[in-house]
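The values are calculated or read from the model by the stated rules, or taken from the named source; none is laboratory data. Please read these numbers as outputs of a predicted model, since none were measured by experiment. Every residue, glycine among them, receives a Cβ derived from its backbone with ideal geometry; neighbour counts consider all protein chains shown.
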Amino acid sequence: MKRILILACLAVLATGYLSGQEHPPVHQLAVGDPAPDFTLPYATKDSVASDDLKLSSEIGKSVIVLAFYPADWSGGCTKEMCTMRDNIADLSHLNAEVLGISGDYEYSHHEWAKNLNLPVKLVSDHSHAVAKTYSSYNDARGYNKRTVYVIDKKGKIAYIDLSYSSRDMESFNKLKAALSALQ
């Protein structure tokens, strides 16, 4: 009996290993959950930051918009971040700070932000650990999904859009409505 149990455990472990599963399924975050903390490098249009951004240090200053996106320099991501840029006055009026997050290095972030004059912090999650925690990583493609989370001033998740679209203004308008509701 002991031998059968050991063989069954080994079979389960081997199945996970052979399927390429490196980590157990992540808990799906929900509105009202505390936002998982992270510390990552970042850049702005002005520079590559010499210190890392710690999410918990930003909590309480403003409402935080975590905007996960696939990659710098791509068409959809450029449109998404330019929409944020073009509406930064509205977002600021709603007391929101945008943190863009992709797997690109902070040096790419800096050049992209400078090129597009983006007034937001771009966070580098090169290992995609944060994206995985926030259910914002596409395992099959190897890059972030386009998702948005709003974190209130108490550090709780107030809004989630797991299918944010940059094709038109519908997703952005839903985001603004969610921010307005927090006022």
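Brief remarks follow.
- Scanning the range 154-170 for residues that are more than 19 Å from A30 (Cβ to Cβ) and hydroxyl-bearing (S, T, Y) turns up S165, S166.
So that you can scan it fast, the table gives a plain yes or no per residue for (1) more than 14 Å from K121 (Cα to Cα); (2) among the aromatic types (F, W, Y); (3) out of contact with any Ser or Thr (no Cβ under 9 Å at 6 or more places or on another chain); (4) at pLDDT 95 or above:
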| site | (1), (2), (3), (4) |
| --- | --- |
| A30 | yes, no, yes, yes |
| P34 | yes, no, yes, yes |
| A43 | no, no, no, yes |
| D46 | no, no, yes, yes |
| S56 | yes, no, no, yes |
| Y69 | no, yes, no, yes |
| S74 | yes, no, yes, no |
| C77 | yes, no, no, no |
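- Among the residues of the range 56-99, those that are hydroxyl-bearing (S, T, Y), surrounded by fewer than 19 Cβ atoms within 10 Å (Cβ to Cβ) and not in a helix (DSSP H, G or I) comprise S62, S74.
- Matching entry among S102, S136 (being of a type outside the set (D, E), closer than 12 Å to L66 by Cβ, crowded, with 20+ Cβ neighbours inside 10 Å and in contact with a Pro (Cβ under 8 Å, 6 or more places away or on another chain)): S102
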